Amino acid sequence: MTLYYLSLAAGILLGVAAQLLLKVGATGEGDFMAQLFRPQTIIGLGLYGMAAFFYIIALRKIPVTVAFPSVALSYAIIALLGFLWLKEPLGIGQIAGIAMIMAGVVLVNYHA
């Protein structure tokens, strides 16, 4: 079962990396087509594909009622990395929301 939880974690982390790359690809100069063909965008889309692959592996043994809510961790990770790496604002409401997401993931996985 550990292999499947590692696969779920890999899927979540690859999704986080993909999202950050898409954000970086979106902030450059040019129109939408230029954005679409930036290396960061292309790599980000590829990482989303890899994330889906690992998520599918995880679903072989982890109930979707546990796996899908666990993906919510990516929201918390992205918010924190956006604040630390991309210098995006992070207010008290967002911090409280992140805490609730993390608590929810813990509760969903508690008896899994």
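Just one of (1) modelled with pLDDT of 95 or more; (2) over 18 Å from L6 (Cβ atoms); (3) aliphatic (A, V, I, L, M); (4) in contact with a helix residue (DSSP H, G or I) (Cβ under 6 Å, 6 or more places away or on another chain) fails for I42. It is (4). Pairing each residue of region 6-26 that is free of Cβ contacts under 8 Å to residues at least 40 places away in the same chain and surrounded by fewer than 20 Cβ atoms within 10 Å (Cβ to Cβ) with any residue that is basic (K, R) and not in a helix (DSSP H, G or I), provided the two are 6+ apart or on different chains, yields no C-beta distance under 6 Å. Evaluation of F37 against the conditions (1) surrounded by 14 or more Cβ atoms within 10 Å (Cβ to Cβ); (2) over 13 Å from the mean Cα position of the chain (by Cα) shows that the sole unmet condition is (1).
Against the list (1) within 18 Å of A17 (Cα to Cα); (2) part of a helix (DSSP H, G or I); (3) at pLDDT below 95, the condition I78 fails is (3). The residue pairs whose first member lies in region 87-112 and is more than 15 Å from V71 (Cα to Cα), whose second member is of a type outside the set (G, A, S) and surrounded by 12 or more Cβ atoms within 10 Å (Cβ to Cβ), and whose beta carbons are closer than 6 Å, counting only pairs six or more residues apart or on different chains, are L90/F83.
Within region 43-54, at least one residue is under 22 Å from V105 (Cβ atoms), small (G, A, S) and out of contact with any Phe, Trp or Tyr (no Cβ under 6 Å at 6 or more places or on another chain). Looking only at region 69-86, count how many residues are in contact (Cβ under 8 Å) with a residue 60 or more places away in the chain and surrounded by fewer than 16 Cβ atoms within 10 Å (Cβ to Cβ). Number of matching residues: 2. On inspection, G93 does not qualify as at positive phi and surrounded by fewer than 17 Cβ atoms within 10 Å (Cβ to Cβ). Please determine whether any residue of region 48-67 is among the polar types (S, T, N, Q), in a helix (DSSP H, G or I) and surrounded by 14 or more Cβ atoms within 10 Å (Cβ to Cβ). No, every residue in region 48-67 fails to be among the polar types (S, T, N, Q), in a helix (DSSP H, G or I) and surrounded by 14 or more Cβ atoms within 10 Å (Cβ to Cβ).
The values are calculated or read from the model by the stated rules, or taken from the named source; none is laboratory data. The structure displayed is predicted, hence computed values, not measured ones. Using ideal geometry, Cβ is built from the backbone for each residue, glycine included, and neighbour counts are taken over all protein chains shown.
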